[in-house]
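Just below is one structure, and these are the notes that go with it.
The values are calculated or read from the model by the stated rules, or taken from the named source; none is laboratory data. Note that the structure is a prediction, hence the values are computed from the model and not measured. Virtual Cβ from ideal backbone geometry, glycine too; neighbours counted across all protein chains shown.
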Amino acid sequence: MRKRATILVVDDELSIRVSLGDLLRRDGYQVEVAENAGSALEMLKTRSFDLLIVDIKMPGMDGLEMLKQVVEDDPEASVVMMTAYASIGSAVQAIKLGAIDYVVKPFDPLEIGMLVERIIKNQHLHREHELLKHQVKSCGSFGPMIGQSPAMLKVFELVEDVSATDSVVLISGESGTGKEVLARMIHDRSSRAEGLFVGVNFGAFTESLVESELFGHERGAFTGADSSKNGLLEIASGGTLFLDEIGDASPKMQIDLLRVLQERKFRRVGGLKDVEADFRALAATNRDLEQAVEEGSFRRDLYYRLNVVQIHIPPLRERREDVPALAQHFLEMLRVRLNKRTGSISPQAMQLLVNHDWPGNVRELENAIERALVVGKQKRIVLEDLPIALQGSGEGPSDESLDSWEKSYIAKKLEQYDWNVSRTAQILKIDRGTLYAKIKKYGLSRE
Amino acid sequence: MTRRMVEIVPLEITDEDLLRRLASEITRVLPFECRIADFRRLPDGALDTTRHQYHATRILEHLDASGQSSFRQLGVTAVDLFTPILRYVFGEAMLPGRAALVSTYRLGIAPIRDDRPRDRSVFISRVIKEGIHELGHTFGLTHCDDPSCVMTASLDMARIDAKSTQLCYYCKIMLEDELARI
């Protein structure tokens, strides 16, 4: 299974966009296409791609001019140029301007597949290296979990207490509060830290895949099982097994898990022998498991088995004082990954971050910082770099629908810029066409 | 329960032995029945007179349009195929969709001699693998990293020969999930 890298194909010929897009999708990549340099550059304002494959000869702005602009904005961008006419001159020019490689259409099937794979692999290695360097530098006494609020200090105290034991811990909290990060902290502080931390997510896979991943299988357990395979329960031996989104475990899986937790042994799929299981279980959920038990969708006996110690991570809106340190931490971490030079957050932007309710919690904050780094053009994050929804914090009643909120927000911005549509579109970070469409949709007009 | 039917469509190819063995292996490897349809001509406009090759995507579109009531159609042809971005392809398929296509043109050991049994068996094995591979794409399966899985990318003859006709464990589960969904 491949990691899904994102690729933007830019070519004015429809047949090339379609066939190259299909070719790359078959290799498991996520592909977007653009028919000219202008729309590609517009797309690049709002999202980033792991690789750009750009035709040199296009009407309007050509590929080399586009390459110049892309590299100016992001010197680390990976761009491969393509052309229908092999010419050493344009190849040399493309490489000089910062392209990684140059290919001639139509491609040799072997050549293009290997080229893309090599570029994506190199990027992953580079990013991992940068991230590891940052993590080593930033790991404090509580590693990547950041917080000085009384609520978080209480959580950290509980972490210290449970780390010394081998008890099952149920970590609860809304989505994005950092349940897996907390589980890793417990593992890293426990006597099992030398063993592996193995996670399984019950919300992400089908039941049959989770079953085989968790329990492993014997040779011949099903058609195609040509050899036996260790499950995560065996791989986690001596370490910690993290049961993420346990509330999504199927009824059958709940029975199997209960047996393992009670008897500390299990059988591989298709196996007849019991295998000893030596792991410490940590579970996490964003659902109210007690309620799920009452409703009959979660087994009561499994709930009691998991809920030996419960650690609840409070939502970010209940610990606003932690926002500045968290925002600064994400800025440091993400600027390395995104290769940005943005070094700080303006006081106004920080105030907005502190005031926001963060329904998506720490993960949403991280995404907001990432977005600000991607779209931001200045040396520090300013108000306009933050998502529009966030900029409206406190400006509109929270029970309004998204549409009516958007309508009043756009109207306010148009007034502010004296109905200069180009300027307002620039401020809203949408193109003029989109703004005109929204003006029409909401029936806005200048009084 | 009646198993779903894959239709093999011979497109200007008359090698009945090859088609029968392909059908038999599809039935063995995949949870489908398989039948061989009547011989058909390649669609008009499929030949690109500049490249002297046949446009795989156009043939696929023709197959798809003519097989609206079919579960899946696998076209088999002996002509050389291309797509606008690649110099040649061994096959092509809709990802996902109803139609897949495989060509025998580049899958032989040149020069192919049917009187040499080993050449013939290697050739048939390659066509079978590529046929199943392209059918896999029609269920949304992408290329697999497991070199023995039939869904591994068919970049050259060595890689085609090294893989099996079977789906790996994960691709099999994803096919089952897709079949349960449709």
Seminar exercise, completed: Expected output for region A:421-447 (first residue touching a residue at least 12 places away in the same chain (Cβ under 8 Å), partner of a type in the set (Gly, Ala, Ser) and part of a helix (DSSP H, G or I), Cβ below 8 Å, 6+ apart or cross-chain) is A:Asp431/A:Ala425; A:Leu435/A:Ala425; A:Tyr442/A:Ala411; A:Leu444/A:Ala411
Exercise. Does A:Gly203 fit the bill of being part of a loop (DSSP other than H, G, I, E, B), under 26 Å from the mean Cα position of the chain (by Cα) and more than 14 Å from every other protein chain (Cβ to nearest Cβ)?
Worked result: yes
For this session: Kindly indicate which of A:Arg287, A:Arg317, A:Arg335 is of a type in the set (Lys, Arg), assigned to a helix (DSSP H, G or I) and touching a Ser or Thr at 6+ places or on another chain (Cβ under 9 Å).
Result: A:Arg335
For this session: Could you check region A:1-73 for helices (runs of 4 or more DSSP H) lying wholly inside it with 2 or more residues that are within 12 Å of chain B (Cβ to nearest Cβ) and under 26 Å from the mean Cα position of the chain (by Cα)?
Result: A:14-26
Problem set entry | Breaking point among (1) surrounded by 16 or more Cβ atoms within 10 Å (Cβ to Cβ); (2) touching a residue at least 24 places away in the same chain (Cβ under 8 Å), for B:Asp119 | (2)
Seminar exercise, completed: Over region A:340-362, the set of residues under 17 Å from the mean Cα position of the chain (by Cα) and surrounded by fewer than 15 Cβ atoms within 10 Å (Cβ to Cβ) is A:Pro359
Exercise. What about A:Ala325, is it surrounded by fewer than 17 Cβ atoms within 10 Å (Cβ to Cβ), assigned to a helix (DSSP H, G or I) and not assigned by TED's automatic domain parsing to the domain that holds A:Thr165?
Worked result: yes
Problem set entry | A:Ala236 vs. criteria under 23 Å from B:Cys171 (Cα atoms) and either small (Gly, Ala, Ser) or touching a helix residue (DSSP H, G or I) at 6+ places or on another chain (Cβ under 7 Å) (or both) | no
Exercise. Quick one: in region A:338-357, which of the residues that are among the β-branched types (Val, Ile, Thr) and outside any helix (DSSP H, G or I) is farthest from A:Ile381 (Cα to Cα)?
Worked result: A:Thr342
Exercise. Just checking, how many residues over region B:143-182 are within 25 Å of A:Gly21 (Cα to Cα), modelled with pLDDT of 90 or more and of a type in the set (Ser, Thr, Tyr)?
Worked result: 2
Problem set entry | Single residue of region A:13-54 satisfying the filter (in contact with a Gly (Cβ under 6 Å, 6 or more places away or on another chain) and modelled with pLDDT of 95 or more) that is nearest to A:Ala425 (Cα to Cα) | A:Asn36
For this session: Can you tell me which residue among A:Lys121, A:Lys96 is under 31 Å from the mean Cα position of the chain (by Cα), basic (Lys, Arg) and surrounded by fewer than 18 Cβ atoms within 10 Å (Cβ to Cβ)?
Result: A:Lys121
For this session: From the list B:Ala100, B:Ala158, B:Ala153, pick out the single residue that is surrounded by fewer than 24 Cβ atoms within 10 Å (Cβ to Cβ) and either at the interface with chain A (Cβ under 9 Å from one of its Cβ atoms) or within 15 Å of A:Arg26 (Cα to Cα) (or both).
Result: B:Ala153
For this session: Could you tell me which residue of region B:116-146 is nearest to A:Met114 (Cα to Cα), considering only residues that are within 11 Å of another protein chain (Cβ to nearest Cβ) and within 15 Å of the chain's Cα centre (by Cα)?
Result: B:His143
Exercise. Under 6 Å by Cβ, and 6 or more places apart or on different chains, what pairs join a residue from region A:32-53 that is over 22 Å from A:Arg337 (Cβ atoms) with one that is of a type in the set (Lys, Arg)?
Worked result: A:Val33/A:Arg17
Exercise. When you scan region A:66-86, how many residues do you find that are farther than 16 Å from A:Ile100 by Cβ and at pLDDT 95 or above?
Worked result: 0
For this session: Hand me the list of strands (runs of 3 or more DSSP E) wholly inside region B:1-75 holding 1 or more residues that are under 14 Å from the mean Cα position of the chain (by Cα) and touching a residue at least 24 places away in the same chain (Cβ under 8 Å).
Result: B:4-11, B:32-36
Problem set entry | Residue that is nearest to the chain's Cα centre (by Cα) [pool: residues in region A:166-200 that are part of a loop (DSSP other than H, G, I, E, B), over 17 Å from A:Ile313 (Cα atoms) and touching a residue at least 40 places away in the same chain (Cβ under 8 Å)] | A:Leu196
Seminar exercise, completed: Taking region A:212-228 and keeping residues facing chain B (nearest Cβ under 10 Å) and in contact (Cβ under 8 Å) with a residue 24 or more places away in the chain leaves A:Ser212, A:His217, A:Ala221, A:Phe222, A:Ala225
Exercise. Just to be sure, is B:Leu107 under 24 Å from A:Ile53 (Cα atoms), crowded, with 18+ Cβ neighbours inside 10 Å, in contact (Cβ under 8 Å) with a residue 40 or more places away in the chain and of a type outside the set (Phe, Trp, Tyr)?
Worked result: no
Exercise. Hey, any hits in region A:237-246 for a residue that's of a type outside the set (Lys, Arg), in a helix (DSSP H, G or I) and within 13 Å of another protein chain (Cβ to nearest Cβ)?
Worked result: no
